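The values are calculated or read from the model by the stated rules, or taken from the named source; none is laboratory data. Just so you know, these numbers come straight off a predicted model, no measurement behind them. Here Cβ is always computed from backbone atoms with ideal geometry, including for glycine, and neighbour counts include all displayed protein chains.
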Amino acid sequence: MPDWVRGGSSFLFALLFSSLLARTGGSALRNYPDNEVTLLDSMSALGDLGWEAYPAEGWEEISVMDERNTPMRTYQVCNVMEANQNNWLRTSHIPRDGAQRVYIEIKFTLRDCNSLPGVPGTCKETFNMYYYESNNGNLWFIKESQYVKIDTIAADESFTQVDVGDRVMKLNTEVRDISNLSKKGFYLAFQDVGACIALVSVRIFYKKCPLTVLNLARFPDTVTGGDSALVEVRGSCVNDSEEFEAPRMYCSADGGWLVPIGRCVCQAGFGEHEGRCQRE
């Protein structure tokens, strides 16, 4: 068995993380748009992620330190020497927080099979992503047939032995979405079928249209719909104002406000100033 397989894959991935940190910003520096609400962020975990990995010789949780000496948790698997791999990694239950559509952003590295010495044709360069909706937050086992496949994930860039020597991290980012969720939450799962992968980070989020004030009408935080349809939202007049025409706007699937209709006007004795009504 080659030396890089004999317990060396954890070291191989850890070796590359020093260059990764500059690209991810570490676990403490991640900022996201105002219209995204994070449900899970593996890079913000304060302890072990504790995801379910089966069989035991498949996915392995490893930890490296970022530039602030904060542990970063990641999962890796590299069983490329044996055929018929079927290694599963499943998150804990993720409450959907009222969202009908969620987005999954994964950052990962994947080894180029052609760069692995002595590896037979069993090596793969893709892995699969699934989910399972459930109202039960404490499931300890889910049958493979119960999962719904999200997609097969391939790397835009894979790394080679030369990259390992140069400590070059070829980080891939992929985003997928799940629509029309209806149960309390869901489980996310990754299936390895014989690749050499490190899941650097997993982030799950949904989009909202943030609270805004327009035409003296206040529109609250609004979760986007489960598909591409617009969500109509009725605004409420700010203090000391009244409806001139019923204020409405539409929340788009991308988390932006569209098509303002109607407005409020200041009551008698008040004038508009910077989105508010002030006594004149």
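Is there a residue in the stretch 175-185 that is within 30 Å of N138 (Cα to Cα), assigned by TED's automatic domain parsing to the domain that holds I62 and in contact with a Pro (Cβ under 9 Å, 6 or more places away or on another chain)? Steps first, please.
So the first thing to find is which residues in the stretch 175-185 are within 30 Å of N138 (Cα to Cα), and the list is 175-185.
Checking which are assigned by TED's automatic domain parsing to the domain that holds I62 leaves us with 175-185.
Restricting the remaining residues to those that are in contact with a Pro (Cβ under 9 Å, 6 or more places away or on another chain) gives 184-185.
Yes, the conditions are met somewhere in the stretch 175-185.
With a cut-off of at least 3 residues that are surrounded by 19 or more Cβ atoms within 10 Å (Cβ to Cβ) and modelled with pLDDT of 70 or more, name the strands (runs of 3 or more DSSP E) lying wholly within the stretch 1-115.
Values: elements: 36-41, 52-54, 60-65, 71-78, 87-90, 102-110.
Output list reads 71-78, 87-90, 102-110.
Check every one of the strands (runs of 3 or more DSSP E) wholly within the stretch 224-280 and list those with 2 or more residues that are touching a residue at least 60 places away in the same chain (Cβ under 8 Å) and either of a type in the set (S, T, N, Q) or closer than 30 Å to Y206 by Cα (or both). Before the answer, list the steps.
On the way: elements: 231-234, 241-251, 257-266, 270-273, 276-279.
Of the strands (runs of 3 or more DSSP E) lying wholly inside the stretch 224-280, none has at least 2 residues that are touching a residue at least 60 places away in the same chain (Cβ under 8 Å) and either of a type in the set (S, T, N, Q) or closer than 30 Å to Y206 by Cα (or both).
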